[in-house]
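What follows is calculated from the coordinates using simple rules that are stated; it is not laboratory data. None of these values were measured; they are calculated from a predicted model. Glycine gets a Cβ as well: all are built from the backbone with ideal geometry, and neighbour counts include every protein chain shown.
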There are 2 protein chains.
Amino acid sequence: MIMRALIVSLLSIGTIAAPLAASANEPIQPIEAAKPKNEKMVKLGKMLFFDPRLSKSGFISCNSCHNLSLGGTDNLPTSIGHNWFQGPINAPTVLNSSLNLAQFWDGRAKDLKEQAGGPIANPGEMAFTHELTVDVLRSIPEYRARFKELFGADKINIDMVTDAIAAFEETLVTPDSRFDKWLKGDKSALTQAELEGYKLFKESGCTSCHNGPAVGGASFQKFGVHEPYKTASKAEGRFGVTGKDADRFMFKVPTLRNVELTYPYFHDGAAWTLEEAVEIMGRLQLGRKFSKDENAKIVAFLKTLTGKQPELKLPILPPSNNETPRPKPFG
Amino acid sequence: MIMRALIVSLLSIGTIAAPLAASANEPIQPIEAAKPKNEKMVKLGKMLFFDPRLSKSGFISCNSCHNLSLGGTDNLPTSIGHNWFQGPINAPTVLNSSLNLAQFWDGRAKDLKEQAGGPIANPGEMAFTHELTVDVLRSIPEYRARFKELFGADKINIDMVTDAIAAFEETLVTPDSRFDKWLKGDKSALTQAELEGYKLFKESGCTSCHNGPAVGGASFQKFGVHEPYKTASKAEGRFGVTGKDADRFMFKVPTLRNVELTYPYFHDGAAWTLEEAVEIMGRLQLGRKFSKDENAKIVAFLKTLTGKQPELKLPILPPSNNETPRPKPFG
């Protein structure tokens with residue numbers, strides 16, 4: 001019995017090792033579970049992510065537009081900000097965002113830490129200031145104690161705030177999608193139609209941009225290669241950052257991980273269905289018209305990219321007190 | 001040793017039993033942990049409570065204004081609704097709300113089930129309709145399956161939706177506050193100042209309205225007995241429900257459970273601090289001016305009413321699909 005167990009055990013190692021090697025030849029790699037470096041930092045970051053007191057109104061938190069019940073986004077074409085301001089662009093999912101080469105559609109933030117400070121101070125989003133954010137947190141003993149424990153000094157600054165938020169966001173990865181199981185060797189994880197969809201996805205050239213563990217997020221590309229993208233959106237992509245004509249309509253390739261959850265699609269959120277998004281991408285980016293059957297197979301494949309969503313305990317936030325600056329929801 | 005253990009054990013029973021009987025003589029009783037009758041119903045209700053697709057915009061959920069990270073309220077004077085509408089009244093906490101004799105400040109809903117339908121269809125809150133709510137849920141296979149399992153038929157109506165939300169809300173109780181520990185016999189649970197605050201709270205007459213397990217919620221009372229309450233609010237309390245002159249400014253006595261978390265206070269949310277609230281209540285309701293020391297002691301007592309907050313796993317909501325009615329955040 002012991003020998004038999006040993007053999008089975010050795011065989012299992014074999015079956016795991018071989019497909020892992022095989023998936024290295026695929027343009028998409030599995031996502032691995034997060035290994036948080038500092039659990040206490042992650043916990044503080046989670047509290048801040050859910051705390052609406054990081055906004056002028058006291059009503060909008062990071063989670064309002066990057067809702068972790070909804071695939072890390074708000075499922076709206078463009079987001080709602082302070083005073084019901086209509087945002088100019090679709091909120092990208094926070095899930096797996098640590099895998100992006102840069103943050104925001106135009107890549108204007110180099111990493112999650114730099115990104116996290118943006119919406120807090122954007123008048124059309126959380127409409128607060130970094131100074132007031134720090135004042136609010138400093139007034140609350142539990143926050144002060146947590147920052148002190150993590151950063152060593154009895155002070156809080158916006159750098160520490162964005163460090164913590166980024167540390168939390170780095171844990172928001174979604175491993176174990178059916179596609180990843182297939183990549184890792186479970187050949188029964190996908191149906192025939194899904195596999196055919198993946199084959200089409202590769203052969204049509206989708207993987208020239210949508211590749212790597214995030215199935216995107218690794219490059220900027222022009223939206224509208226074979227024909228221009230028609231949109232009411234005024235967003236001009238990288239051009240807004242670099243001012244170079246060549247960067248006009250260059251956007252960060254979005255991740256396709258959890259794409260079933262992150263509708264509506266594109267930087268203007270104009271495509272509500274995956275069928276529509278696949279049709280437009282084929283026509284504009286690849287100069288190719290997918291048949292109805294091909295489109296359906298690619299969509300079937302895309303839905304296998306839905307991974308295990310982060311399991312989170314809703315944080316209980318420490319109350320404000322008589323010293324805490326008060327929210328200003330109106331006026 | 002065995003005998004000694006037995007004696008210690010019998011003694012423990014003694015120390016527990018006696019104070020339990022004693023707390024029956026107090027005007028406030030401990031809150032007991034929730035015993036959900038139907039776990040699956042509670043789970044569905046939790047999903048609905050967190051689902052912003054119950055609003056026209058797709059942005060506002062029950063949890064937006066009854067935020068379970070923030071004591072079951074929004075910590076704003078009055079709430080923000082659809083299109084940033086400024087609500088007319090302070091959002092009462094959902095925590096322990098099952099203990100209220102009726103729901104809303106004016107008691108216009110007889111129970112949690114009746115309450116739950118209100119905000120969904122209120123143009124200044126979630127601004128949706130019951131019909132569209134049901135259409136959204138019906139379009140989503142996971143919701144359809146859950147309703148079918150619970151209600152037996154392959155259909156969804158608003159009654160089932162509010163049944164489930166109410167079932168979840170009934171679990172949102174907060175036992176084990178320091179005051180409850182004291183009530184149950186742990187005489188070290190309160191400091192001397194807190195005990196003196198409780199004594200003052202009883203002797204001044206606060207407990208004539210703020211009594212029972214919820215320390216309130218059991219009656220309607222006139223706000224402004226010894227002198228009128230000055231406010232910009234147009235709310236007239238029970239008068240709006242009954243049309244009787246005697247009901248003008250009669251409001252449901254709010255629970256004081258977790259009152260440290262549920263600032264700002266009163267139906268207009270005009271009092272930001274407990275000190276201010278205690279001062280006003282003493283003067284207007286009891287015709288009594290508390291000294292600074294008395295006020296501080298009562299406030300110290302009130303802060304012992306913060307109970308164990310519900311521990312919740314953030315629900316992962318099933319995605320919309322091509323059949324789901326789309327949110328209309330703007331216009």
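Report the charge-dipole magnitude of the range A:178-305 in Debye, nearest 20, computed about the Cα centre from +1 at each Lys and Arg Cβ and -1 at each Asp and Glu Cβ.
240
Short version: ³J(HN,Hα) in whole Hz for each residue of the range A:259-267, in order, from phi by Karplus 6.51 cos²θ - 1.76 cosθ + 1.60 (θ = phi - 60°), x for Gly and Pro, what are they?
4, 4, 9, 9, 4, x, 9, 6, 5
Any lysines with Cα under 16 Å of the B:Lys43 Cα? List them, leaving off those in the same chain fewer than 8 positions away.
A:Lys313, B:Lys35, B:Lys113, B:Lys148, B:Lys313
Can you pull a Stokes-Einstein diffusion coefficient for the range A:39-169 at 37 °C (0.692 mPa s), Rh from Kirkwood over Cα pairs, as a whole number of µm²/s?
222
Suppose every K and R has +1 on its Cβ and every D and E has -1 on its Cβ; what is the size of the dipole of the range B:39-169 about the Cα centre, in Debye to the nearest 20?
Values: 13 positive and 15 negative charges, 44 e Å.
Dipole of the range B:39-169, to the nearest 20 debye: 220 debye.
Counting Lys and Arg as +1 and Asp and Glu as -1, each charge on the Cβ, what is the dipole of the protein assembly as shown about the Cα centre in debye, to the nearest 20?
Approximately 460 debye in magnitude.
Report, by chain and number, residues whose modeled amide H sits under 5 Å from the one on A:Gly237, excluding near sequence neighbours (fewer than 5 apart, same chain).
When sequence neighbours closer than 5 places are left aside, the close amide H contacts are A:Phe249.
Skipping prolines and chain starts, which residues have an amide H placed within reach, meaning under 5 Å, of the one on A:Ala271, given they are 5 or more residues away or on another chain?
So A:Ala271 has HN proximity to A:Tyr265.
Which distances in nm, rounded to one decimal and ordered from shortest, link the label point of B:Lys199 to the equivalent label points in the other identical copies, with labels set 7 Å from Cα toward Cβ?
Distances to the matching label points in the other copies: 8.5 nm.
Within the range B:196-292, list the chymotrypsin sites (Phe, Trp or Tyr not before Pro) lying in a DSSP loop whose Cβ has at most 16 other Cβ atoms in a 10 Å radius.
Here no chymotrypsin sites (Phe, Trp or Tyr not before Pro) fit, given the DSSP loop and packing criteria.
Show me, bin by bin at 20 Å from 0, the whole-percent P(r) of the protein assembly as shown based on Cα pairs.
Reading upward from the zero bin: 17, 46, 29, 9, 0.
What translational diffusion coefficient, in µm²/s and rounded to a whole number, does the Stokes-Einstein relation yield for chain A at 37 °C and a viscosity of 0.692 mPa s, taking the hydrodynamic radius as the Kirkwood radius over Cα pairs?
Estimated via Stokes-Einstein, D reaches 153 µm²/s.
Using Cβ contacts closer than 10 Å as the measure, can you line up A:Ile316, A:Ile156 from fewest to most?
The order, fewest Cβ neighbours first, is A:Ile316, A:Ile156.
With an 8 Å cut-off on Cα pairs and a minimum separation of 6 or more residues, tell me the relative contact order of the range B:189-331 in percent.
28 percent.
Give me D for the range B:129-228 in µm² s⁻¹, whole number, from Stokes-Einstein with Rh from the Kirkwood sum over alpha-carbon pairs, 25 °C and 0.890 mPa s.
Stokes-Einstein gives a translational diffusion coefficient of 136 µm²/s.
Considering the convex hull of the alpha carbon atoms of the range A:178-305, report its projected area averaged over all viewing directions, in nm², one decimal.
Over all viewing directions, the range A:178-305 projects a mean Cα-hull area of 7.7 nm².
What is the minimum Cβ-to-axis distance for chain A, in whole Å, where the axis maps A onto B, and to which residue does it belong?
Nearest residue, distance rounded to whole Å: A:Trp84, 2.
Only helices at least 24 Å long along their own axis, judged from Cα atoms, and with Kyte-Doolittle mean hydropathy of -0.5 or greater: name those in chain A from DSSP H.
Numbers: long enough: A:2-23 (32 Å, 1.76).
Those that pass (Cα extent of 24 Å or more, hydropathy at least -0.5) are A:2-23.
Put a label point 7 Å from Cα along the Cβ direction on B:Thr129, then list its distances to the equivalent points in the other copies in nm, shortest first.
The projected label point of B:Thr129 is separated from its counterparts by 4.6 nm.
Would you grab the residues whose amide H sits under 5 Å from the one on B:Asn122? Only those 5+ places off in sequence or on another chain, please, with H modelled 1.01 Å from N.
B:Ala127, B:Phe128
Say the dipole of chain B comes from +1 at the beta carbon of Lys and Arg and -1 at that of Asp and Glu; which of B:Thr306, B:Ser55, B:Ala109 then lies farthest toward its positive end?
Going by the charge dipole, the pick is B:Thr306.
Under the convention of a label 7 Å out along Cα→Cβ, give the distances in nm from A:Gly152 to the same position in every other copy, shortest first.
6.7
Calculate how many DSSP beta bridges within the protein assembly as shown are antiparallel, expressed in % of all such bridges and rounded to the nearest 5.
90
Top mean-square fluctuation among B:Glu131, B:Glu276, B:Glu170, Gaussian network model of chain B, C-alpha springs under 10 Å?
B:Glu131
Using the Karplus equation 6.51 cos²θ - 1.76 cosθ + 1.60 (θ = phi - 60°), what ³J(HN,Hα) coupling, rounded to whole Hz, does each residue of the range A:67-74 give in order, writing x for Gly and Pro?
Computed from phi, the couplings for the range A:67-74 are 5, 6, 7, 10, x, x, 9, 10 Hz.
Which one, A:Thr174, A:Leu200, A:Gly212, projects farthest toward the positive side of the charge dipole computed for the range A:156-218 from Cβ point charges (K/R +1, D/E -1)?
Farthest towards the positive end: A:Leu200.
Among A:Lys46/B:Lys181; A:Lys199/A:Lys289; A:Lys252/B:Lys56, which pairs are too far apart, with a Cα-Cα distance over 20 Å?
Violating the 20 Å Cα-Cα cut-off are A:Lys46/B:Lys181; A:Lys252/B:Lys56.
Can you give the relative contact order of chain A as a percent, counting alpha carbon pairs under 8 Å and 6+ residues apart?
Contact order relative to length: 25 percent.
Work out from phi, with θ = phi - 60° and the Karplus expression 6.51 cos²θ - 1.76 cosθ + 1.60, the ³J(HN,Hα) of each residue of the range A:242-252, listed in order in whole Hz, and give x for Gly and Pro.
Computed from phi, the couplings for the range A:242-252 are 9, x, 8, 4, 5, 8, 5, 6, 7, 10, 5 Hz.
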